[in-house]
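What follows is calculated from the coordinates using simple rules that are stated; it is not laboratory data. These numbers were taken from a predicted model, which means no experiment stands behind them. Using ideal geometry, Cβ is built from the backbone for each residue, glycine included, and neighbour counts are taken over all protein chains shown.
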Amino acid sequence: MLKKNTEYIIVLILFLSSSAGGTGNGNGLIILSNNNIEVGILTEAGGRIVLLRKPGQKNILKSDEQIWENPEKHVPEISAFSEFKAFNGHITWVGPQKEWWIYQTLNEERKKTKADWPPDPYLIYGKNEIISQSDTSIKMVGLESPISGVRLFKEISINRFGKVTITTIAENTRDENISWDLWMLTRMDGFAKAYVPVEENGILELIQKETETVETTPYKIEEKYFTFNPSLPLKPKKEQIQEVHLYPSANYIAGFSERQMLLIRVDKLDQNLIHPNHGLVELYNYTNEKVDDNLLELEVHGAYKTLAPGEMMSLTETWELYHYNGGTNTTNQIKFLKDCL
C-alpha cells in the first residue's frame with residue numbers, strides 16, 4: 001500500500017517522470033509494436049487493451065474492430081445510470097463485485113438493491129488522458145469515479161522480446177477510507193481454451209447452476225490443469241455458462257486461440273489476502289448460438305485493501321504471446337504450455 005506522503009509523492013514522480021515530450025491525442029487506436037508483438041490501446045474507453053497479436057497473426061483478444069476508428073460514437077454517456085456495453089479486450093475493475101454500487105448515492109436504486117452489474121462506468125468507459133507515450137510504452141490516467149471513489153493510473157509497455165507489462169495503480173480520491181481490490185480481466189473468444197494450474201483444493205467455487213435454459217459448461221482437470229470444455233448448448237437449453245473461482249498452484253494462466261497462446265503471469269498472493277467473495281484467479285465461459293456473444297474471461301484479483309484518503313495500491317500482469325500450431329487437443333496444448341514455462 002502506498003501512502004500519500006513522501007512515498008506517495010515519489011510514486012507519482014516516477015509515474016509522471018517521462019511526461020515531457022509525450023505524444024498522442026487519445027483518438028482511435030494507439031499501437032505499441034516491434035518485430036515480436038503488437039498491442040493496441042483504446043484510451044477513449046477506459047484505457048483498455050483491445051488488440052494483441054504476433055505480427056501477421058489474428059487478434060487473440062475478443063474485441064470489435066468497428067469501435068476503434070470512431071470510439072466516441074460507441075462509448076455510452078458516462079453517469080451513475082450508464083448501461084453496460086461490451087468493448088471487451090483487457091480492462092481493470094475493482095472488487096468485490098457485490099459492493100460495486102453500495103458506496104455511492106447517485107443511483108439510489110442500484111444502491112438499494114446492491115446491484116452487481118454493471119461495472120463502474122467511469123473506470124471502464126472514461127477517457128484516459130495520456131501522460132507519456134513512445135513506440136514501446138504508454139502511461140495514462142483515468143477519471144475520478146464518484147461510484148467507487150478511485151482514480152486509475154495505467155502503464156503498458158513492451159520489451160524487445162515481445163513481453164507486455166501492464167500495471168494499474170488505484171488512488172483513493174475520497175476524504176474517507178475505501179476498501180477494494182484491483183481486478184484485471186482479459187476477454188477471449190468463448191471457444192478459446194484456458195488452463196490454470198491447480199491442486200486438489202484449488203477449486204474454490206463453481207458459481208453457475210443448471211436451469212431450464214442454462215447448461216453449465218463442462219470442465220476437467222488434466223495433468224493438474226483446470227480447463228473448460230465449452231460447446232454450444234444442447235436444446236432446449238439456450239446458453240452454456242460457468243464461472244469458477246480458483247487458487248492456482250503457480251503464478252500463471254494460459255489461453256489458447258487458434259495459432260497463438262497467451263501466457264499471463266501474476267504475483268501469487270496468499271488466498272487470505274483475496275476478498276472472500278473471489279478467487280486469486282477466476283475464469284468465466286459463455287457460449288450460445290450467437291457468435292458475437294461467446295466469451296472466455298481470464299481474471300486476476302489483487303489483494304483486498306483499505307485505502308485512506310490519497311493512498312494507493314497497484315496490480316501488475318506480464319504477458320507473453322507464442323506461436324502455436326498444435327491444434328485444439330488438450331494434451332498437446334498442455335505440453336506446449338509446459339515447454340514455454
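As a size descriptor, the averaged projected area of the C-alpha convex hull of the chain was calculated at 17.4 nm².
Look at 87, 256 and count the other Cβ atoms within 10 Å of each Cβ; fewest to most, that gives 87, 256. In terms of other Cβ atoms within 10 Å, 234, 263 run from fewest to most in the order 234, 263.
Cβ-Cβ distance of residue 201 and residue 234, R₀ of 30 Å, FRET efficiency by 1/(1 + (r/R0)^6): the value works out to about 0.45.
Taking a straight line from the alpha carbon of residue 112, these aspartates and glutamates sit under 18 Å away, with near neighbours fewer than eight places off in the same chain left out: 83, 99, 120. Sorting 30-36, 190-196, 137-143, 213-219 by average packing, meaning the other beta carbons within 10 Å per residue, from highest down gives 190-196, 137-143, 213-219, 30-36.
Rounded to the nearest Hz, the phi-derived 3J(HN,Hα) couplings of the range 35-41 under the Karplus curve 6.51 cos²θ - 1.76 cosθ + 1.60 (θ = phi - 60°) are 6, 10, 7, 10, 10, x, 10, where x marks glycine and proline. Computing FRET efficiency as 1/(1 + (r/R0)^6) for residue 86 and residue 111, where r is the C-beta to C-beta distance and R0 is 35 Å, gives about 0.90. Applying a threshold of 32 Å to the alpha-carbon distances of 62/235; 62/98; 238/338 flags 238/338 as lying beyond it. Annotation: amide H of residue 324 within the under-5 Å range of 260, 261, sequence separation 5 or more or interchain, hydrogens built in the peptide plane. Taking label points 7 Å from Cα along the Cα-to-Cβ direction, residue 258 and residue 331 give a separation of 2.7 nm. Where only DSSP H runs of four or more residues are counted, the chain gives -2500 deg cm²/dmol as its mean residue ellipticity at 222 nm, each run worth -39500 (n - 2.57).
Summing charges over all other residues whose Cβ lies under 13 Å from the Cβ of residue 124, with Lys and Arg as +1 and Asp and Glu as -1, gives +2.
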